[in-house]
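Following: one structure in structure tokens, then a few remarks.
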Amino acid sequence: MRMRIGVAALLLGTVAAIGFSAAGAPQTQAPRDPRIIDMQGYQKLVRQYRGKPLLVNFWATWCEPCRDEYPMLNELAKEYAPKGLRVVGVDSDQDGDLILMRRFIARYKPVFPNYRRKPEKPEQEVEFNQAVLPEWRGQLPATFLYDKDGRLIGHFFGAQSRETYEATIHQLLGSGSGSGGAP
């Protein structure tokens, strides 16, 4: 009987010690979800980066070309940030895909800020797209390039090669090397 009581006391002490150490351990915060923006928020975002060349990429987790292109955009953001380029991502997933979006961001650990497009009715989505660029019909990935004065100077619809991005970034940064295709 004494042995059972001793074993039970030992088990309770171990459980209490484990519970105490876990409760006292620092907790790492889960990354925050990207802030939701509507058209006014997007315009404010572009104004916020005035003074620096800006590349804005619209993406979604369900878009395979977006998933393929995203790691390369992250590398470009790391490489060209010291030269003045700012990169921003805008997620176009619906609310039902939030878990996928969170996993995507956790996997790729982007060095640039990401936002979420406000989920809207189809007609509002068309208005948003046309306010960004009248000929944009919502294709993804979609990349928009702004000069340091905040003027839209180019765009890409669909995934692009690293070479195409780099030529456009050089042009955007004012080095004049290469042609960026769409800009």
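The values are calculated or read from the model by the stated rules, or taken from the named source; none is laboratory data. Remember, predicted model here, so these are calculated numbers, not experimental data. Cβ placement follows ideal geometry from the backbone for every residue including glycine, while neighbour counts extend to all protein chains displayed. Heavy atoms of the whole protein, side chains included, go into the accessibility calculation; ligands, DNA and RNA do not. Shrake-Rupley method; radii C 1.70, N 1.55, O 1.52, S 1.80 Å.
Specify whether the C-alpha gyration tensor of region 35-111 places it in the rounded, prolate or oblate class, a ≥ b ≥ c being the square roots of the eigenvalues: rounded for a/c under 1.5, otherwise prolate if a/b is larger than b/c and oblate if not. The partial results should precede the final answer.
Values: a/c = 2.35, a/b = 1.25, b/c = 1.88.
Oblate is the answer for region 35-111, as a/c is 1.5 or above yet b/c matches or exceeds a/b.
Name the residues whose placed amide hydrogens come within less than 5 Å of the amide hydrogen of Ile37, ignoring near sequence neighbours (fewer than 5 apart) on the same chain.
Amide H neighbours of Ile37: Arg116, Arg117, Lys118.
For Ser92, tell me the accessible area in Å² from a 1.4 Å probe, rounded to the nearest 10.
Counting only protein heavy atoms, the figure is 20 Å².
Per-residue counts of other Cβ atoms within 10 Å, averaged by peptide: what ranking do you get for 153-159, 166-172, 128-134, highest first? Kindly include the intermediate steps, with their values, before the conclusion.
Numbers: 153-159: 17.3, 166-172: 20.4, 128-134: 15.0.
Highest mean packing first, the order is 166-172, 153-159, 128-134.
Could you tell me the center-to-center distance, by alpha carbons, between region 86-107 and region 122-173 in angstrom?
Each part's Cα centre sits 18 Å from the other's.
Rounded to the nearest 5, what % of the DSSP beta bridges within region 38-183 are antiparallel ones?
Working: 10 of 19 bridges.
Within region 38-183, antiparallel bridges account for around 55 percent of the total.
Net charge near Gln43: determine it from the other residues with C-beta under 15 Å of the C-beta of Gln43, scoring Lys and Arg +1 and Asp and Glu -1. Don't skip to the answer; put the middle values down first.
Values: positive: Arg35, Lys44, Arg47, Arg50, Arg117, Lys118, Arg151; negative: Asp38, Glu127, Asp149.
Taking every Cβ under 15 Å from that of Gln43, the sum is +4.
Defining a contact as two alpha carbons under 8 Å apart and six or more residues distant in sequence, what relative contact order in percent does region 89-160 show? Walk me through the numbers on the way to the answer.
Details: 56 pairs, mean separation 15.9, N = 72.
Once divided by the residue count of region 89-160, the mean separation gives 22 percent.
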